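S.K.: Structure provided below as C-alpha cells; questions to follow.
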Amino acid sequence: MGVTIGNTFVMSVAKITISIESDLLKKVDRLVKERVFSNRSQAMQSAVADTISRVEKNRLAHECAKLDKFEERALADMDLDSEAALWPEY
C-alpha cells in the first residue's frame, strides 16, 4: 500500500480526524516531546498498527482453538506417511 520511487518506499496515507481524551493526548504529546515518535501522526499510526496486530493474532489463536488437535495430527501423519518414501536416506 505504497509506491517505490527510486530506492525509497513511500506509503500512501489518508488524513483523518479523531476525537481523543485530553489526558491521552497529553501522553502522546509527551512521547513526541521525548522523541519516541516524530509527531502525533506517527504515534497514532503506531498505536493503531499495534492494536490491529494484536487483534489479528488473537483472532488466529481463537480460530486455532476451534481445531480438533487429534484430527489435525491424524491429517498431518497421513501426509507424512505418504511422503516418507520420497525422503532421502541420511
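Nothing in this text is a laboratory measurement; each read-out follows from the coordinates by a stated rule. All figures in this text were calculated on a predicted structure; none of them were measured in a lab. Here Cβ is always computed from backbone atoms with ideal geometry, including for glycine, and neighbour counts include all displayed protein chains.
S.K.: Below 14 angstrom from the Cβ of residue 41, what's the summed charge of the other residues (Lys, Arg +1; Asp, Glu -1)?
M.R.: Once all neighbours under 14 Å are counted, the net charge is +1.
S.K.: Using modelled backbone amide H atoms (1.01 Å from N, in-plane), which distant-in-sequence or interchain residues come within less than 5 Å of residue 37's amide H?
M.R.: 32
S.K.: Follow-up question, since we're still on this one. Using θ = phi - 60° and the Karplus form 6.51 cos²θ - 1.76 cosθ + 1.60, what ³J(HN,Hα) does each residue of the stretch 56-69 get, whole Hz, x for Gly and Pro?
M.R.: My calculation for the stretch 56-69 gives 5, 5, 5, 5, 5, 4, 5, 5, 5, 5, 6, 6, 8, 5 Hz in order.
S.K.: Sort 42-51, 60-69, 14-23 for me by packing, meaning the mean count of neighbouring Cβ atoms within 10 Å per residue, highest on top.
M.R.: Output ranking for 42-51, 60-69, 14-23: 42-51, 60-69, 14-23.
S.K.: Quick one: 73, 35, fewest Cβ neighbours within 10 Å first, how do they rank?
M.R.: 35, 73
S.K.: Please list, in order along the stretch 28-44, the HN-Hα scalar couplings obtained from phi with the Karplus expression 6.51 cos²θ - 1.76 cosθ + 1.60 (θ = phi - 60°), rounded to whole Hz, x for Gly and Pro.
M.R.: 4, 4, 5, 5, 5, 4, 7, 6, 6, 10, 5, 7, 4, 4, 5, 4, 5
S.K.: Using a/c under 1.5 as the rounded threshold, could you call the stretch 35-75 rounded, prolate or oblate? The axes a ≥ b ≥ c are square roots of the C-alpha gyration tensor eigenvalues, and prolate needs a/b larger than b/c, oblate otherwise.
M.R.: prolate
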